[in-house]
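Undergrad: To start, I am sharing the structure in question, which I have written as structure tokens.
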Amino acid sequence: MQSKPSSTKQTEVFRIRTHLLGAPKIPLFRLHHAVIVRPFPAGDGASPMHWFDVIPKDPTHPRTLAALLALQSVPALLRVKSNVKHFNLQERDLVGVVDEDVEAVVERAVEFQKNMWAPEIRLLHSDCVVHSRELVSYLLYE
């Protein structure tokens, strides 16, 4: 028996790892975490994706690195990139599917970025790993 297709628009939520800004493009430096959402089904791959992450305001400055390694806070940028077209998503990075259209999910993610996340980074407390985990939880379960 075939399952009945859903009439509700859905959105895929991915949590990905990518290279740190300014770091060599080798797997060892794939330490930066971000969240990507896209319509489901993605179709021919032409569907635009939306990227959400947090990075230090001055990510390549030596003082930023020194402060982060000393577990101090640094100012952050909460980034939203819309219409990302070229990113090789892996099935293993898919964390869930939301029963909302992509516009509604993007709106909720932007709300999270603006109202629920302090614009600072501190390793092991409010870094990109914690940000992506909490954003995914907010999108999937709130």
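Undergrad: Using only the Cα atoms of the chain, what are the Rg and Dmax in Å?
TA: Both quantities, over Cα of the chain: 16.3, 61 Å.
Undergrad: Taking the solvent-accessible surface of protein heavy atoms with a 1.4 Å probe, what is the per residue accessible area of the chain in Å²? Working shown, then result.
TA: Numbers: 8930 Å² over 142 residues.
Per-residue value: 63 Å².
Undergrad: If I model a spin label at residue 138 and residue 17 as a point 7 Å from the Cα along the Cα→Cβ vector, what separation in nanometres do I get?
TA: Distance between label points: 2.4 nm.
Undergrad: If you don't mind, there's one more thing I want to ask. Quick one: with all protein chains in place, what share of the accessible area of the chain is carbon or sulfur, to the nearest percent (1.4 Å probe)? Mind showing how you got there, number by number?
TA: On the way: 4870 of 8930 Å².
It is 55 percent, rounded to a whole number.
Undergrad: Tell me the Rg and the Dmax, in Å, that the Cα atoms of segment 74-130 produce.
TA: Gyration radius and largest Cα-Cα distance of segment 74-130: 13.5, 36 Å.
Undergrad: Let me ask something additional. Calculate, for residue 90 and residue 9, the FRET efficiency according to 1/(1 + (r/R0)^6) with r their C-beta to C-beta distance and R0 35 Å; round to the nearest 0.05. It would help to have the intermediate numbers written out before the result.
TA: Values: r = 23 Å, r/R0 = 0.67.
Efficiency at R0 = 35 Å is approximately 0.90.
Undergrad: Show 20, 71, 28 ordered by accessible area, largest first, where the area counts protein heavy atoms only and the probe is 1.4 Å. Mind showing how you got there, number by number?
TA: Numbers: 20 65, 71 90, 28 125 Å².
Sorted descending by solvent-accessible area, the residues read 28, 71, 20.
Undergrad: Okay, moving on. How high is the FRET efficiency between residue 72 and residue 115 when r is their beta carbon distance and R₀ equals 25 Å, given to the nearest 0.05?
TA: Efficiency for this residue pair is about 0.50.
Undergrad: Hey, another quick one. If we sort 53-65, 88-100, 125-137 on the protection proxy, mean other Cβ atoms within 10 Å, highest first, what's the order?
TA: On the way: 53-65: 15.9, 88-100: 12.9, 125-137: 18.2.
Ranking the peptides 53-65, 88-100, 125-137 by packing returns 125-137, 53-65, 88-100.
The values are calculated or read from the model by the stated rules, or taken from the named source; none is laboratory data. None of these values were measured; they are calculated from a predicted model. FYI the Cβ positions are ideal-geometry reconstructions off the backbone, even for glycines, and counts take in every protein chain you see. Surface accessibility is based on the protein's heavy atoms, side chains included, excluding ligands, DNA and RNA. Shrake-Rupley method; radii C 1.70, N 1.55, O 1.52, S 1.80 Å.
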